[in-house]
Amino acid sequence: MAPHHPEDIGMKAERSPRRAVTAADRTRQPTEVRRRLIVEAAVPLIAERGYASVGVRDVAAAAGVSVGTVTYHFGSVQEILSEAMVLQIERYYAALNEAADRATSGAEGLRLLVDALFTEDTDRHWRMWFEYWNAGEHHPDPAFARGQDRRYETWHQQIRTLAERGVADGEFSCDDLDGFTVRFAALADGLALQRLRQAPPLTTKDARRHMNHFVETELRRGPRT
(Lines give C-alpha, C1' and ligand atoms only; values in the text may rest on other atoms or scores of the structure.)
Protein backbone atom coordinates (compact mmCIF):
# COMPACT_ATOMS: atom_id res chain seq x y z
CA MET A 1 0.00 0.00 0.00
CA ALA A 2 1.47 3.36 -1.00
CA PRO A 3 2.07 5.90 1.76
CA HIS A 4 -0.67 8.50 2.23
CA HIS A 5 -0.06 12.19 1.47
CA PRO A 6 -1.11 14.37 4.41
CA GLU A 7 -3.37 16.70 2.37
CA ASP A 8 -4.79 14.78 -0.53
CA ILE A 9 -4.87 11.02 -0.14
CA GLY A 10 -6.47 8.33 -2.25
CA MET A 11 -8.08 8.28 -5.66
CA LYS A 12 -10.70 10.76 -6.72
CA ALA A 13 -14.19 9.26 -6.52
CA GLU A 14 -16.24 8.78 -9.66
CA ARG A 15 -19.16 10.50 -7.90
CA SER A 16 -19.37 13.01 -5.09
CA PRO A 17 -19.39 11.28 -1.69
CA ARG A 18 -22.66 11.49 0.16
CA ARG A 19 -22.67 13.71 3.21
CA ALA A 20 -22.88 11.74 6.42
CA VAL A 21 -24.08 14.58 8.65
CA THR A 22 -26.63 17.36 8.42
CA ALA A 23 -25.93 21.08 8.54
CA ALA A 24 -27.10 21.17 12.16
CA ASP A 25 -24.54 18.52 13.04
CA ARG A 26 -21.76 20.64 11.59
CA THR A 27 -22.09 23.40 14.18
CA ARG A 28 -19.48 23.70 16.88
CA GLN A 29 -19.34 20.59 19.02
CA PRO A 30 -17.00 19.13 21.63
CA THR A 31 -13.89 17.51 20.22
CA GLU A 32 -15.06 13.96 20.91
CA VAL A 33 -18.36 14.63 19.09
CA ARG A 34 -16.65 16.14 16.06
CA ARG A 35 -14.18 13.26 15.92
CA ARG A 36 -17.04 10.77 16.03
CA LEU A 37 -18.86 12.52 13.16
CA ILE A 38 -15.72 12.38 11.02
CA VAL A 39 -15.16 8.71 11.80
CA GLU A 40 -18.82 7.90 11.07
CA ALA A 41 -18.48 9.62 7.69
CA ALA A 42 -15.49 7.44 6.82
CA VAL A 43 -17.30 4.12 7.37
CA PRO A 44 -19.35 4.03 4.12
CA LEU A 45 -16.40 5.36 2.14
CA ILE A 46 -14.19 2.45 3.19
CA ALA A 47 -16.99 -0.06 2.57
CA GLU A 48 -17.60 1.28 -0.94
CA ARG A 49 -14.07 2.09 -2.12
CA GLY A 50 -11.61 0.29 0.13
CA TYR A 51 -9.15 1.56 2.74
CA ALA A 52 -6.39 2.47 0.29
CA SER A 53 -8.66 4.59 -1.91
CA VAL A 54 -10.02 6.99 0.71
CA GLY A 55 -8.25 10.25 1.47
CA VAL A 56 -8.58 13.21 3.80
CA ARG A 57 -10.48 15.25 1.22
CA ASP A 58 -12.95 12.39 0.71
CA VAL A 59 -13.62 12.14 4.43
CA ALA A 60 -13.93 15.90 4.84
CA ALA A 61 -16.47 16.12 2.00
CA ALA A 62 -18.51 13.23 3.39
CA ALA A 63 -18.50 14.75 6.88
CA GLY A 64 -19.35 18.21 5.58
CA VAL A 65 -16.30 19.84 7.15
CA SER A 66 -13.09 21.39 5.90
CA VAL A 67 -9.86 19.48 5.35
CA GLY A 68 -8.36 21.65 8.07
CA THR A 69 -10.99 20.49 10.53
CA VAL A 70 -10.16 16.86 9.78
CA THR A 71 -6.41 17.35 10.13
CA TYR A 72 -6.95 19.32 13.36
CA HIS A 73 -8.72 16.36 14.97
CA PHE A 74 -6.64 13.54 13.47
CA GLY A 75 -2.94 13.11 12.97
CA SER A 76 -3.25 11.04 9.80
CA VAL A 77 -5.76 9.48 7.47
CA GLN A 78 -4.71 6.08 8.82
CA GLU A 79 -5.94 7.14 12.25
CA ILE A 80 -9.37 8.06 10.87
CA LEU A 81 -9.74 4.90 8.81
CA SER A 82 -8.52 2.66 11.63
CA GLU A 83 -11.10 4.11 14.01
CA ALA A 84 -13.82 3.81 11.36
CA MET A 85 -13.10 0.14 10.75
CA VAL A 86 -12.97 -0.66 14.45
CA LEU A 87 -16.26 1.18 14.99
CA GLN A 88 -18.04 -0.81 12.28
CA ILE A 89 -16.61 -4.16 13.38
CA GLU A 90 -17.42 -3.62 17.06
CA ARG A 91 -21.00 -2.68 16.20
CA TYR A 92 -21.39 -5.79 14.10
CA TYR A 93 -20.06 -8.19 16.69
CA ALA A 94 -22.05 -6.50 19.44
CA ALA A 95 -25.17 -7.37 17.42
CA LEU A 96 -23.96 -10.97 17.04
CA ASN A 97 -23.38 -11.20 20.78
CA GLU A 98 -26.90 -9.97 21.46
CA ALA A 99 -28.34 -12.57 19.10
CA ALA A 100 -26.33 -15.35 20.74
CA ASP A 101 -27.32 -14.20 24.23
CA ARG A 102 -31.00 -14.52 23.32
CA ALA A 103 -30.58 -18.16 22.30
CA THR A 104 -32.16 -20.77 24.56
CA SER A 105 -29.56 -23.40 23.63
CA GLY A 106 -26.13 -23.78 22.08
CA ALA A 107 -27.62 -25.21 18.89
CA GLU A 108 -29.99 -22.28 18.53
CA GLY A 109 -27.15 -19.88 19.24
CA LEU A 110 -25.03 -21.33 16.44
CA ARG A 111 -27.99 -21.17 14.06
CA LEU A 112 -28.63 -17.53 14.95
CA LEU A 113 -24.92 -16.82 14.52
CA VAL A 114 -24.94 -18.32 11.02
CA ASP A 115 -28.10 -16.42 10.12
CA ALA A 116 -26.54 -13.15 11.28
CA LEU A 117 -23.27 -13.78 9.46
CA PHE A 118 -24.83 -13.94 6.02
CA THR A 119 -27.52 -11.44 5.08
CA GLU A 120 -27.67 -8.85 2.32
CA ASP A 121 -26.91 -6.22 4.96
CA THR A 122 -23.73 -7.91 6.16
CA ASP A 123 -21.87 -7.53 2.86
CA ARG A 124 -20.72 -4.11 4.09
CA HIS A 125 -19.37 -5.67 7.27
CA TRP A 126 -17.43 -8.29 5.36
CA ARG A 127 -15.87 -5.64 3.12
CA MET A 128 -14.81 -3.74 6.21
CA TRP A 129 -13.57 -6.94 7.86
CA PHE A 130 -11.23 -7.78 4.98
CA GLU A 131 -10.09 -4.17 4.68
CA TYR A 132 -9.38 -4.22 8.41
CA TRP A 133 -7.15 -7.27 8.15
CA ASN A 134 -5.40 -6.00 5.05
CA ALA A 135 -4.71 -2.67 6.77
CA GLY A 136 -3.06 -4.54 9.62
CA GLU A 137 -0.33 -5.72 7.28
CA HIS A 138 0.71 -2.12 6.64
CA HIS A 139 -0.29 -0.30 9.82
CA PRO A 140 2.70 1.29 11.60
CA ASP A 141 1.21 1.06 15.11
CA PRO A 142 1.74 -2.31 16.87
CA ALA A 143 -1.34 -1.56 19.00
CA PHE A 144 -3.47 -1.90 15.88
CA ALA A 145 -2.25 -5.46 15.35
CA ARG A 146 -2.83 -6.26 19.01
CA GLY A 147 -6.37 -4.97 18.68
CA GLN A 148 -6.90 -7.26 15.69
CA ASP A 149 -5.65 -10.23 17.69
CA ARG A 150 -8.00 -9.45 20.58
CA ARG A 151 -11.02 -9.13 18.32
CA TYR A 152 -10.30 -12.42 16.61
CA GLU A 153 -9.78 -14.13 19.97
CA THR A 154 -13.14 -12.76 21.13
CA TRP A 155 -14.81 -14.02 17.95
CA HIS A 156 -13.31 -17.49 18.43
CA GLN A 157 -14.40 -17.52 22.06
CA GLN A 158 -17.97 -16.69 21.07
CA ILE A 159 -18.09 -19.64 18.65
CA ARG A 160 -16.50 -22.02 21.13
CA THR A 161 -18.80 -20.97 23.98
CA LEU A 162 -21.92 -21.78 21.96
CA ALA A 163 -20.57 -25.17 20.88
CA GLU A 164 -19.46 -25.92 24.44
CA ARG A 165 -22.91 -24.99 25.72
CA GLY A 166 -24.53 -27.44 23.32
CA VAL A 167 -22.20 -30.22 24.44
CA ALA A 168 -22.85 -29.46 28.12
CA ASP A 169 -26.61 -29.56 27.53
CA GLY A 170 -26.36 -32.89 25.69
CA GLU A 171 -27.53 -31.45 22.34
CA PHE A 172 -24.47 -32.76 20.54
CA SER A 173 -20.97 -34.05 21.18
CA CYS A 174 -17.58 -32.92 19.94
CA ASP A 175 -14.10 -34.31 20.59
CA ASP A 176 -12.28 -31.16 19.47
CA LEU A 177 -14.01 -27.89 20.33
CA ASP A 178 -10.91 -25.84 19.59
CA GLY A 179 -10.59 -27.41 16.15
CA PHE A 180 -14.29 -26.88 15.46
CA THR A 181 -13.91 -23.22 16.40
CA VAL A 182 -10.97 -22.64 14.05
CA ARG A 183 -12.71 -24.42 11.15
CA PHE A 184 -16.00 -22.57 11.72
CA ALA A 185 -14.25 -19.18 11.62
CA ALA A 186 -12.16 -20.13 8.59
CA LEU A 187 -15.17 -21.38 6.64
CA ALA A 188 -17.11 -18.20 7.47
CA ASP A 189 -14.21 -16.06 6.22
CA GLY A 190 -13.84 -18.10 3.04
CA LEU A 191 -17.53 -18.03 2.21
CA ALA A 192 -17.68 -14.31 2.93
CA LEU A 193 -14.83 -13.64 0.51
CA GLN A 194 -16.52 -15.76 -2.15
CA ARG A 195 -19.80 -13.96 -1.46
CA LEU A 196 -18.18 -10.55 -2.01
CA ARG A 197 -16.26 -11.51 -5.14
CA GLN A 198 -18.99 -13.74 -6.55
CA ALA A 199 -16.37 -16.01 -8.05
CA PRO A 200 -18.06 -18.43 -8.24
CA PRO A 201 -21.45 -16.87 -7.45
CA LEU A 202 -22.74 -17.43 -3.92
CA THR A 203 -26.05 -16.37 -2.40
CA THR A 204 -26.54 -15.64 1.27
CA LYS A 205 -28.94 -18.58 1.41
CA ASP A 206 -26.29 -20.96 0.09
CA ALA A 207 -23.63 -19.51 2.39
CA ARG A 208 -25.88 -20.27 5.35
CA ARG A 209 -26.60 -23.73 4.02
CA HIS A 210 -22.88 -24.53 3.80
CA MET A 211 -22.27 -23.24 7.33
CA ASN A 212 -25.19 -25.18 8.81
CA HIS A 213 -24.09 -28.36 7.03
CA PHE A 214 -20.62 -27.91 8.51
CA VAL A 215 -22.05 -27.49 12.02
CA GLU A 216 -24.27 -30.56 11.65
CA THR A 217 -21.37 -32.62 10.35
CA GLU A 218 -18.87 -31.56 13.01
CA LEU A 219 -21.20 -31.57 16.01
CA ARG A 220 -22.85 -34.94 16.31
CA ARG A 221 -26.39 -34.85 17.59
CA GLY A 222 -26.85 -36.27 21.07
CA PRO A 223 -24.19 -37.14 23.64
CA ARG A 224 -21.51 -39.59 22.64
CA THR A 225 -22.01 -43.11 24.02
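The values are calculated or read from the model by the stated rules, or taken from the named source; none is laboratory data. The structure presented is a predicted model; accordingly, all values stated were derived computationally and were not measured. Positions of Cβ are generated from backbone atoms using ideal geometry, with glycine treated the same way; all protein chains shown enter the neighbour counts. Only protein heavy atoms, including side chains, enter the accessible area calculation; ligands, DNA and RNA are left aside. Shrake-Rupley method; radii C 1.70, N 1.55, O 1.52, S 1.80 Å.
What to note about this one:
- Considering all C-alpha pairs of the range 80-147, those separated by over 21 Å amount to 36%.
- Inter-label distance for A99 and E32, nm, one decimal - labels placed 7 Å from Cα along Cα-to-Cβ: 3.0
- Accessible area of the range 66-116 belonging to carbon and sulfur atoms, whole % at 1.4 Å probe: 50
- Using a cutoff of 8 angstrom between alpha carbon atoms and counting only pairs six or more residues apart, the relative contact order for the range 88-207 works out to 30 percent.
- Here the range 106-161 and the range 72-103 have alpha carbon centers that stand 10 Å from each other.
- The residues of the range 41-100 present an accessible area of 32 Å² per residue when probed at 1.4 Å with all protein chains retained.
- The fraction of accessible area contributed by carbon and sulfur in the range 121-214 is 50 percent, rounded to a whole number (1.4 Å probe; ligands and nucleic acids excluded).
- Amide H contacts under 5 Å for F172, placed H, 5+ residues apart: V167, G222
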